[in-house]
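Here the structure is laid out as structure tokens; the discussion comes afterwards.
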Amino acid sequence: MSNFSAQIKINAPKEQVWAVLSDLGSIYKWNPGVSHSHSTSESSGGEGATRHCDIQTPLKGYLEERAFDWREGESFKIDIYDTNFPLKKNVVQFSLRADGSDTVVEVSPEYQLKFGALGAVMDRLAFNRQFRKGMTGLLTGLKYYVETGEEVANKVPSLASG
């Protein structure tokens, strides 16, 4: 299993950031790598909520995701349970903490590629670097969206390029 974490400070109260993060179906508004997303469950957030994401950068694909380990206002994990990417397992934890009047958001993916030893080599040579860029773009897009209220699509071209 591979893992890493990345974080960013957002100039907004924790409740405001949580409101954006916990609306799972609207991730396309702030994640520059997601061209479209929608909730696939009755609830848009909370334990067991699901969503579909179409990915645009750097490769086209899709993700079917489920939320679990939901701690209201604090953290949750996303399990990618179906995708056309070479992922055998992928769980991403989102955590928030107040830092004065700001909020620090941390993402911590833990993943394993398919293809055994070949997948491990692919991870070391390219996938991990691209995944880190994607998580950095996700956090930067979240910061931009929360602080400005503007969706990242067509607003911040440098984010979409990874």
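The values are calculated or read from the model by the stated rules, or taken from the named source; none is laboratory data. All values derive from a computational prediction rather than experimental measurement. FYI the Cβ positions are ideal-geometry reconstructions off the backbone, even for glycines, and counts take in every protein chain you see.
Quick look at the values:
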quantity	calculated
Top-ranked residue in the stretch 96-111 [being surrounded by 17 or more Cβ atoms within 10 Å (Cβ to Cβ) and either of a type in the set (S, T, N, Q) or modelled with pLDDT under 95 (or both); ranked as nearest to residue 20 (Cα to Cα)]	103
Every residue from the stretch 129-143 that is touching a helix residue (DSSP H, G or I) at 6+ places or on another chain (Cβ under 9 Å) and either of a type in the set (A, V, I, L, M) or more than 18 Å from residue 30 (Cα to Cα) (or both)	138, 142
Meets criteria (within 25 Å of residue 122 (Cβ to Cβ), of a type outside the set (Ser, Thr, Tyr) and either in contact with a helix residue (DSSP H, G or I) (Cβ under 9 Å, 6 or more places away or on another chain) or surrounded by fewer than 20 Cβ atoms within 10 Å (Cβ to Cβ) (or both)) for residue 11	no
Residue within the stretch 74-87 that is under 16 Å from residue 24 (Cβ atoms), modelled with pLDDT of 95 or more, touching a helix residue (DSSP H, G or I) at 6+ places or on another chain (Cβ under 7 Å) and of a type outside the set (S, T, N, Q) present	no
Flag for residue 147 being among the acidic types (Asp, Glu), in contact with a strand residue (DSSP E or B) (Cβ under 9 Å, 6 or more places away or on another chain) and within 17 Å of residue 8 (Cα to Cα)	yes
Every residue from the stretch 28-63 that is of a type outside the set (A, V, I, L, M) and assigned to a strand (DSSP E or B)	35, 36, 37, 38, 39, 50, 51, 52, 53, 54, 61, 62
Complete set of residues in the stretch 47-95 that are of a type in the set (D, E, K, R), under 30 Å from residue 118 (Cα atoms) and surrounded by fewer than 17 Cβ atoms within 10 Å (Cβ to Cβ)	54, 60, 64, 79, 82, 88, 89
